[in-house]
Amino acid sequence: MSIRKSTLLLKAQYEQKRSERARLYAQAQKIMSEELPILWTHQMVMPTVYRAKVKNLMSTGLGMNENFADVWVDK
């Protein structure tokens, strides 16, 4: 990790002012995106759907991002 990026992250961690903290994190994220373009910087929230009559809706860790070929509705 570069010294500049480490310094920004440490400053942001202890910064009390929200707008300044956001600015510091944005600078660090910009450096990371230039140095490591495949680094995950956030995780999207995936909704989960459940209904007792729907069977085999989620059969893997992919959740709602998988094939629904084996899904069926119990009557």
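Observations on the structure shown:
- Residue within region 48-61 that is under 30 Å from residue 4 (Cβ atoms) and at pLDDT below 75 present: no
- Across region 1-22, the qualifying residues are those that are surrounded by 15 or more Cβ atoms within 10 Å (Cβ to Cβ) and assigned to a helix (DSSP H, G or I), and the one among them that is modelled with the lowest pLDDT is 5.
- Single residue of region 29-47 satisfying the filter (assigned to a loop (DSSP other than H, G, I, E, B) and closer than 18 Å to residue 4 by Cα) that is modelled with the lowest pLDDT: 39
- Identity of the residue in region 62-75, among the charged types (D, E, K, R) and surrounded by 10 or more Cβ atoms within 10 Å (Cβ to Cβ), that ends up modelled with the lowest pLDDT: 66
The values are calculated or read from the model by the stated rules, or taken from the named source; none is laboratory data. What you see is a predicted model, and the numbers here were worked out from it, not measured in a lab. For neighbour counting, all protein chains shown are included, and Cβ atoms are generated from backbone atoms with ideal geometry for every residue, glycine included.
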